[in-house]
Every structure is written in C-alpha cells, then in structure tokens.
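> My structure is below; once you've seen it, I'll send some questions.
The values are calculated or read from the model by the stated rules, or taken from the named source; none is laboratory data. Quick caveat: nothing in here was measured; it's all calculated off a predicted structure. Note: ideal-geometry Cβ built from the backbone for every residue, glycine included; neighbour counts use all protein chains shown. Accessible surface areas use protein heavy atoms only, side chains included; no ligands, DNA or RNA. Shrake-Rupley method; radii C 1.70, N 1.55, O 1.52, S 1.80 Å.
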Amino acid sequence: MTKTGTTPSGETSAASAVEWELHLPGRPTLKIHDNHWRNGERDLRLHRPSVMPEMPSALSNLHERLRSGVTTTPGRPELRIMVYLTYVGERDRPRFIRSLTTWDLTDRVGPLVLRELTAREGVTLEPAHDRPNLPLVDLEDPQDKKPLQHALFFPIEDGETPVLGFVHFRVVPVLRHVGWLSSDGG
C-alpha cells in the first residue's frame, strides 16, 4: 500500500506501508501501518480507517497519534524503537511516558512480555542512549532507582519485532484502559 503523509521529522513524503492486523474477539480489527518513507525514515502507527468503527474515545484518539519511529543508532548495526509507554490522560487523550525505572517498565508491561520480546533472535532491551552512569537493564533483577529511556534493539531484517513492540508499548495499555484487555492480557 502506498500513501502520502508527514514523516517523523516533519517532511511531506510518500510511504509504502506494510499493514498488520490486531484481532480481538468481538471487537473491530485494529490496523497497524509500518510506514517506510521514501526519505529513509520509518514509523509505526495505528491506522485510522476512512470509516471508524464504534470504539471508546481513548482508543479512537490513539489512531494516527503517538507513532513509534524506527531508527538507527550511531555505532550500532541494529535498528531500534524507543520504549515509551502509553497511558490515557485528560479528556481520554493517549500520552506516553519517556523514562521509567526498569522495575516500573517490567511492572507495567509484564516480565513475560519483555522476556518474550528479548528472546527473539538478536533482540535486546537496553538504555536508549550511551551515557555514563546508566544502570544495566536486567529483566531478572530490574532496578528501581534511576528512571531512564529504554529502547528495543533488533536486527534490520526483523520486520516483526518493531510491530510487536509497538503493540505492547503503545496499543495494549490503551486496550487495558478501555477494558478490551484485562490487566493480565486476557
């Protein structure tokens, strides 16, 4: 699918979008677009269909907002997406938290989800930036002292991991908020 729009850096461009579907029993299908922009940028976002099905406003407000950029990191061969967790703020507007302790991240996303993501070949969860004095990201013993920006690093050829990360970090918290998923994922 080809479309035009605005890239994460604000340029108007064309993109080829790989479409992924998220199915929940008894709910409208949610479509995620993995946009590959002509200028080399890439992002993931919840696609707004031309006719919106009935859904809670917090979920409706997530469509075409709070996209996740897929970027390179200087000095590293992998790609990454930032682990900014969504929450629902005033007037049912989804927002995101940029910095969390690893314990808070594990508590909010779930240790099983994070372990499943990082068990994928070549996938790691690490501090997003190479700065001195940042704690290690250890899912077996998550630190609860220093908030930091986390990132999910994955091989360039891996098309699934960024989509899974986007679903768990951006979409699932809103689905839980609106009651479409329980806190245990069911």
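> Given the residues Val18, Val51, which is the only one that is open to solvent by 40 Å² or more (accessible area, probe 1.4 Å), part of a strand (DSSP E or B) and not hydroxyl-bearing (Ser, Thr, Tyr)? Quick ask: steps written out before the conclusion?
On the way: Val51 fails: part of a strand (DSSP E or B).
After ruling out the rest, the residue left standing is Val18.
> Of Thr124, Thr118, which residue is under 18 Å from Tyr84 (Cβ atoms), modelled with pLDDT of 95 or more, loosely packed, with under 15 Cβ neighbours inside 10 Å and under 18 Å from the mean Cα position of the chain (by Cα)?
On the way: Thr118 fails: loosely packed, with under 15 Cβ neighbours inside 10 Å.
So the residue among Thr124, Thr118 that is under 18 Å from Tyr84 (Cβ atoms), modelled with pLDDT of 95 or more, loosely packed, with under 15 Cβ neighbours inside 10 Å and under 18 Å from the mean Cα position of the chain (by Cα) is Thr124.
> Also: Check every one of the helices (runs of 4 or more DSSP H) wholly within region 80-185 and list those with 2 or more residues that are among the acidic types (Asp, Glu). It would help to see each step written out before you state the result.
Details: elements: 102-109, 111-118, 161-166, 172-177.
Hits in region 80-185: 102-109.
Results for (1) more than 19 Å from the chain's Cα centre (by Cα); (2) hydroxyl-bearing (Ser, Thr, Tyr); (3) at pLDDT 95 or above; (4) farther than 29 Å from Leu148 by Cα, shown as yes or no for each residue.
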residue	(1), (2), (3), (4)
Pro8	no, no, no, no
Val70	no, no, yes, no
Pro77	yes, no, no, no
Arg80	no, no, yes, no
Tyr84	no, yes, yes, no
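> Limited to region 2-15, what total is found for residues that are closer than 27 Å to Ser57 by Cβ and open to solvent by 70 Å² or more (accessible area, probe 1.4 Å)?
Count: 0.
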